[in-house]
Amino acid sequence: MLKSFRGGVHPDDSKRYTADKPIEKAPVPDKVYIPVRQHIGAPTSPIVKKGDEVKKGQLIAKSDAFVSANVHSSVSGKVVDVAEYPHPNFGKCLSIVIQNDGNDEWAEGIPVERNWNDLTGKEIIGIIREAGIVGMGGATFPAHVKLSPPPNKKIDVFILNGAECEPYLTSDYRSMLEYTDRIASGIKIIMKVLNVERGFVGIEDNKKKAIEIMTKAFEGTNVQVVGLPTKYPQGAEKMLINVLTGREVPSGGLPMDVGAVVQNVGTCIAVSDAVERGIPLIQRVTTVSGGAVKEPKNLLVRVGTTFKDVIDFCGGFKDTPVKILSGGPMMGMAESNLDIPVIKGVSGILALAKSDVNTGTESACIRCGRCIKACPMGLNPSMLSILGQNNLYEEAKEDYNLLDCVECGSCVYTCPAKRNIVQYIKYMKSKNAAAAAREKAKAAAKEKEKEKEKVEK
Ligand code: SF4
Ligand code: SF4
């Protein structure tokens, strides 16, 4: 039996609603709303304008910044607007609206047939960058950046994150059952790029069929499929690395600091599609579930399809939803609008009924210590919430390791006082980021001033 990580919680996994539902193709809508920003990093800029005809898979927005991800059209048709539209993460975002012509015609040169064995690691990274691939578990960090560690960071292990520890979500589970070959190819391609010999596939042991199928797929290889204890947040990168390799990512560090790179199931599928078939990231598998949804499903959805279109395809609501989420109930984003589009990082759309939600109003901390016991990062969430309430983000960073919080929500799940701990933490992190940006700008201005003085002398 594997050693588990410290802390964590055991919420009802609620996967029974969709675990046995094969992936269905969601109808391609009449109009798609494709935001120029679907990733962590620099936003892209549109390279098409209103009135332009586009094809499926055509590049429609790009950026020269390294930490960014290209955006492609998910349908063939006509650009009918380029303007601000609702976005699942940012309220509103510049988006390219395309009227679908119903022909589903690929852009020139797509698809292709390519043998990745004939490509160099550098060529593969270029293809992944062109295809706009991001971490599809929700983090949306550009994949080509993660696969290009600096030369001083020696990577010796690759981990496929098949934990899918968020309750309700089954998109990775169904993908492992139904898209096994593409995932296996994606893993092998990534291992070639990283030049690593050792790989792990970590899957929570509540997904027995996936463990069985993936084990068979990697028989006789140097990729080991490991069943992990079902405990939230087993799928957090730092937990996964620790449980599978025994290595501990240092405070403030990254997986590459301990020689590991972790990617999600959907990301590996996207890598295989791009490298072997030349297909950019224009669709994803997402779980639609929750007590308010009439027919929960796992769906293959084109990027830019609205939540409303997706929920309509699931028969609409059978109950009034009390909460709509993009992603899972522990780390997902609460949404107030169904006109938002499915973007690359949307692993689930949940419409929760009253019976799904543990409601209650926030009260003062009773110092029970449950959150401290639950925190997998060894933090003091109670203290962090109090510091957040009092706007003391510097103390939180210096004395209570604010930046180590992985925002998993285990503390909130366990808190009897219903404290909005993660909300306070996110608020303090944003304050801290703004202060750091101000400092950087001040330092740059000082540097410029010095340069100017030098020239004048
Ligand atoms: S403090 Fe952060 S890392 Fe710890 S349990 Fe809460 S959300 Fe998770
Ligand atoms: S679990 Fe809630 S009430 Fe208990 S110590 Fe933590 S913040 Fe306070």
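The values are calculated or read from the model by the stated rules, or taken from the named source; none is laboratory data. The model shown is predicted, which means the values in this text are computed figures rather than measured ones. Backbone-built Cβ (ideal geometry, glycine too); neighbour counts: all protein chains shown. Each accessible area value is taken on the protein alone, full model and side chains, heavy atoms only, with ligands, DNA and RNA left out. Shrake-Rupley method; radii C 1.70, N 1.55, O 1.52, S 1.80 Å.
General observations
- Residues of the range 326-384: accessible area per residue with a 1.4 Å probe, Å²: 47
- All other residues whose Cβ lies under 12 angstrom from that of Ile279 are scored, Lys and Arg at +1 and Asp and Glu at -1, for a net of 0.
- The range 123-247, accessible area per residue, ligands and nucleic acids excluded (1.4 Å, Å²): 36
- Surface share of carbon and sulfur [accessible, 1.4 angstrom probe, percent] for the range 62-170: 50
- Based on DSSP H segments of at least four residues, each scored -39500 (n - 2.57), the chain has a per-residue ellipticity at 222 nm of -9000 deg cm²/dmol.
- Shape class of the range 363-457 from the alpha-carbon gyration tensor: prolate, with a/c at 1.5 or above and a/b greater than b/c.
- For a straight C-alpha distance cut-off of 15 angstrom, the aspartates and glutamates reachable from Lys448 (same-chain residues fewer than eight places away being disregarded) are Glu439, Glu456.
- For the chain, the square roots a ≥ b ≥ c of the C-alpha gyration tensor eigenvalues yield an a/c under 1.5, which makes the shape rounded.
- Working ranking of peptides 262-274, 373-385, 439-451 by packing, defined as the average number of other Cβ atoms within 10 Å per residue, highest first, is 262-274, 373-385, 439-451.
- Within the chain, Cys93, Cys165, Cys268, Cys314, Cys365, Cys368, Cys375, Cys405, Cys408, Cys415 have no other Cys Cβ under 4.7 Å of their Cβ and so lack a disulfide-compatible partner by this rule.
- Sequence-separation-based contact order of the chain, relative, with Cα cut under 8 Å and 6+ spacing, percent: 18
- Straight-distance crosslink candidates among lysines, where the alpha carbon sits under 21 Å from Lys209 and sequence neighbours closer than 8 are dropped: Lys15, Lys21, Lys231, Lys297
- Accessible area of the range 363-457 belonging to carbon and sulfur atoms, whole % at 1.4 Å probe: 53
- Only lysines eight or more places from Lys188 in sequence, or on another chain, were considered; those with a Cα closer than 21 Å are Lys122, Lys146, Lys153, Lys154, Lys216.
- In this structure the amide hydrogen of His87, modeled in the peptide plane, comes within under 5 Å of the amide hydrogens of Lys92, Cys93, none closer than 5 places in sequence on its chain.
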